[in-house]
């Protein structure tokens, strides 16, 4: 299969080709490696590749045989390194598959490598010391977002159609917005964190995926959701497969519109305009959209403070664990400055302060939950600005303590973290672009606890009404056989949402 052909299919369509015998999983893996060789030197999204280990049965699942990448954090593949983007954990090799990795294998995905993450996923840009900065395929001078920035850049550039991601405060939705992708953060408890953890960041973090089509994300969630033995809690099972929801009518939804973020920072005019256009699109599809104010149940400063306490105390356990395992010092030779600041801050958090932070989590969950008793969805920008130039996060970060670093992260992404704290699902949909730069603008929709079904129905409807598959970035694997390619693809989205050659 040629690269120019490979990039025109989403994951479900590739799996269909394998099932029909038109191509083998091995041929797809080889083509994905060619794609990585072609574009990864320009974007630094994939930090390690390896030969395909699994030989899935064609047609056994909707994604059997599809090339896949995992984030260098939170998922372990037996015999492969998982370094969490940190020099402190460099060389760490997983002894066994994590629960989610086992499910990826059973899903028939062919995992070919791991993607870049900032150190300990503790940032919404991907500019780590261990492997260097990851670049945005739409403009390599800009950040791809984070912490799943490597996965976002790899999918956007056409290396794989779908990749693993995580999200503790926007780490999936931020790179979805910055790279022009679809990304849905599932409900807390939807996907197991086992077996080594019951929850990560006290339930703020979840597993998910980044994809170019809605149905790929739906198909993957169908294949990996559900509890493992010993999990402390689980989200209620969906009534029907999410892949079926993508083609179901959402009906007429009541949608609240929020363009001014919690914390009150200014949103770029081009982002506000894009959000308002998306609201009008929703209205044209029969939905009722009205401006709303949504309370968090706590003040913004208290919200940031409590998150900093939860994040930093968890960071202390990670750093201490790897320092002990590898007999390495915790200093500037092993840990980046912002992480050292968070580590020092976390060591000072008292038990009572930690319990109060958990109480904040409960308060926010109650407030957000109350909103969703009156509205089906909340519509916001995913980010308040376009993808920022590389190095932006370093400006003013020198000398910041752990709380100051969290303030900067939440300033950069003020719309996303509330839904991690509340545990409710939210998605970023690549509906818009900046008319001046052509950079993608993500639009966020959030739903009540356990209502991924509503999000997938709307996402499928939006994908049909305003398809984005024809938009491709400057760094694009499909351009390797098309000299003069300038970021415009030749694609159509047929009925059902598949991405296929025009």
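The values are calculated or read from the model by the stated rules, or taken from the named source; none is laboratory data. Quantities reported herein were computed from a predicted structural model and do not represent experimental measurements. Heads up, the Cβs are rebuilt from the backbone with ideal geometry, glycines too, and the neighbour counts pull from every protein chain shown.
Could you say whether any residue in the stretch 107-129 is surrounded by fewer than 19 Cβ atoms within 10 Å (Cβ to Cβ), touching a helix residue (DSSP H, G or I) at 6+ places or on another chain (Cβ under 7 Å), modelled with pLDDT of 95 or more and closer than 25 Å to residue 336 by Cβ?
Our first condition is that a residue be surrounded by fewer than 19 Cβ atoms within 10 Å (Cβ to Cβ); within the stretch 107-129, this holds for 129.
This time we only want the ones that are touching a helix residue (DSSP H, G or I) at 6+ places or on another chain (Cβ under 7 Å), so: 129.
If we keep only those that are modelled with pLDDT of 95 or more as well, we get 129.
Next cut, closer than 25 Å to residue 336 by Cβ only: 129.
Yes, some residue in the stretch 107-129 is surrounded by fewer than 19 Cβ atoms within 10 Å (Cβ to Cβ), touching a helix residue (DSSP H, G or I) at 6+ places or on another chain (Cβ under 7 Å), modelled with pLDDT of 95 or more and closer than 25 Å to residue 336 by Cβ.
Return the residue satisfying two criteria in turn: it lies in the stretch 21-35 and is in contact (Cβ under 8 Å) with a residue 24 or more places away in the chain and surrounded by fewer than 16 Cβ atoms within 10 Å (Cβ to Cβ), and of such residues it is farthest from residue 157 (Cα to Cα).
That would be 21.
Please enumerate the residues belonging to the stretch 374-407 that are over 24 Å from residue 139 (Cβ atoms), in contact (Cβ under 8 Å) with a residue 60 or more places away in the chain and either part of a loop (DSSP other than H, G, I, E, B) or within 22 Å of the chain's Cα centre (by Cα) (or both). Quick ask: steps written out before the conclusion?
Filtering the stretch 374-407 for residues over 24 Å from residue 139 (Cβ atoms) gives 374-379, 398-407.
The next check asks that each one be in contact (Cβ under 8 Å) with a residue 60 or more places away in the chain; those that pass are 374-379, 398, 400-407.
Passing the criteria: 374, 375, 376, 377, 378, 379, 398, 400, 401, 405, 406, 407.
Pick out the one residue from 313, 275, 270 that is in a helix (DSSP H, G or I), under 24 Å from the mean Cα position of the chain (by Cα) and farther than 30 Å from residue 465 by Cβ.
After ruling out the rest, the residue left standing is 313.
In the stretch 256-266, is there at least one residue being within 29 Å of residue 286 (Cβ to Cβ), buried (at least 24 other Cβ atoms within 10 Å of the Cβ), out of contact with any helix residue (DSSP H, G or I) (no Cβ under 7 Å at 6 or more places or on another chain) and in contact (Cβ under 8 Å) with a residue 40 or more places away in the chain?
There is no residue in the stretch 256-266 that is within 29 Å of residue 286 (Cβ to Cβ), buried (at least 24 other Cβ atoms within 10 Å of the Cβ), out of contact with any helix residue (DSSP H, G or I) (no Cβ under 7 Å at 6 or more places or on another chain) and in contact (Cβ under 8 Å) with a residue 40 or more places away in the chain.
One line per residue, one yes/no per condition, for (1) without any contact (Cβ under 8 Å) to a residue 40 or more places away in the chain; (2) over 30 Å from residue 334 (Cβ atoms):
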site: 174; (1), (2): no, no
site: 184; (1), (2): no, yes
site: 197; (1), (2): yes, no
site: 204; (1), (2): no, no
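Being assigned to a strand (DSSP E or B) and either at pLDDT 95 or above or out of contact with any strand residue (DSSP E or B) (no Cβ under 6 Å at 6 or more places or on another chain) (or both) is true for just one of 294, 289. Which residue is that?
It is 289.
For (1) in contact with a helix residue (DSSP H, G or I) (Cβ under 6 Å, 6 or more places away or on another chain); (2) in a strand (DSSP E or B); (3) buried (at least 24 other Cβ atoms within 10 Å of the Cβ), each residue gets a yes or a no:
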residue: 177; (1), (2), (3): no, no, yes
residue: 184; (1), (2), (3): yes, yes, yes
residue: 188; (1), (2), (3): yes, no, yes
residue: 197; (1), (2), (3): no, no, no
residue: 202; (1), (2), (3): yes, no, no
residue: 209; (1), (2), (3): yes, yes, yes
residue: 216; (1), (2), (3): yes, no, yes
residue: 219; (1), (2), (3): yes, no, yes
residue: 222; (1), (2), (3): yes, no, no
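Looking at the stretch 336-346, is at least one residue touching a helix residue (DSSP H, G or I) at 6+ places or on another chain (Cβ under 7 Å) and either more than 13 Å from residue 315 (Cβ to Cβ) or not in a helix (DSSP H, G or I) (or both)? Working first, answer last.
Quick first cut of the stretch 336-346, residues touching a helix residue (DSSP H, G or I) at 6+ places or on another chain (Cβ under 7 Å) only: 336, 338-339, 341-346.
Within this subset, residues satisfying the condition of being either more than 13 Å from residue 315 (Cβ to Cβ) or not in a helix (DSSP H, G or I) (or both) are 336.
Scanning the stretch 336-346 turns up at least one residue that is touching a helix residue (DSSP H, G or I) at 6+ places or on another chain (Cβ under 7 Å) and either more than 13 Å from residue 315 (Cβ to Cβ) or not in a helix (DSSP H, G or I) (or both).
For residues in the stretch 446-457 being in contact with a strand residue (DSSP E or B) (Cβ under 7 Å, 6 or more places away or on another chain) and over 17 Å from residue 222 (Cα atoms), which is surrounded by the most Cβ atoms within 10 Å (Cβ to Cβ)?
Looking at the filtered set, the residue picked out is 446.
For the stretch 93-115, give me the residue count where each residue is touching a residue at least 60 places away in the same chain (Cβ under 8 Å) and not in a loop (DSSP other than H, G, I, E, B).
Number satisfying all stated conditions: 10.
When the residues of the stretch 364-373 are narrowed to those that are more than 17 Å from residue 445 (Cβ to Cβ) and within 25 Å of the chain's Cα centre (by Cα), which ends up surrounded by the fewest Cβ atoms within 10 Å (Cβ to Cβ)?
366
Take residue 355 and tell me if it is more than 23 Å from residue 173 (Cα to Cα), assigned to a helix (DSSP H, G or I), modelled with pLDDT of 95 or more and over 22 Å from the mean Cα position of the chain (by Cα). Walk me through it before giving the result.
Details: more than 23 Å from residue 173 (Cα to Cα): yes; assigned to a helix (DSSP H, G or I): yes; modelled with pLDDT of 95 or more: yes; over 22 Å from the mean Cα position of the chain (by Cα): yes.
Answer is yes for this residue.
Would you say residue 295 is surrounded by fewer than 17 Cβ atoms within 10 Å (Cβ to Cβ), touching a residue at least 24 places away in the same chain (Cβ under 8 Å) and at positive phi? Before the answer, list the steps.
Details: surrounded by fewer than 17 Cβ atoms within 10 Å (Cβ to Cβ): yes; touching a residue at least 24 places away in the same chain (Cβ under 8 Å): yes; at positive phi: no.
No; evaluated as a whole, the condition is false for this residue.
How about the stretch 408-422: which of its residues are assigned to a loop (DSSP other than H, G, I, E, B) and in contact with a helix residue (DSSP H, G or I) (Cβ under 6 Å, 6 or more places away or on another chain)?
Kept after step one, since they are assigned to a loop (DSSP other than H, G, I, E, B), are these residues of the stretch 408-422: 413-416.
Result: 413, 416.
For residue 90, which of the numbered conditions (1) in contact (Cβ under 8 Å) with a residue 40 or more places away in the chain; (2) touching a helix residue (DSSP H, G or I) at 6+ places or on another chain (Cβ under 6 Å) fails to hold?
Only one criterion in (1) in contact (Cβ under 8 Å) with a residue 40 or more places away in the chain; (2) touching a helix residue (DSSP H, G or I) at 6+ places or on another chain (Cβ under 6 Å) is unmet by residue 90, namely (2).
Just one of 64, 52, 74, 38 is within 23 Å of the chain's Cα centre (by Cα), in contact (Cβ under 8 Å) with a residue 12 or more places away in the chain and either within 29 Å of residue 479 (Cβ to Cβ) or assigned to a helix (DSSP H, G or I) (or both); which is it?
Values: 52 fails: within 23 Å of the chain's Cα centre (by Cα); 74 fails: either within 29 Å of residue 479 (Cβ to Cβ) or assigned to a helix (DSSP H, G or I) (or both); 38 fails: within 23 Å of the chain's Cα centre (by Cα).
64 is the lone residue from the list that is within 23 Å of the chain's Cα centre (by Cα), in contact (Cβ under 8 Å) with a residue 12 or more places away in the chain and either within 29 Å of residue 479 (Cβ to Cβ) or assigned to a helix (DSSP H, G or I) (or both).
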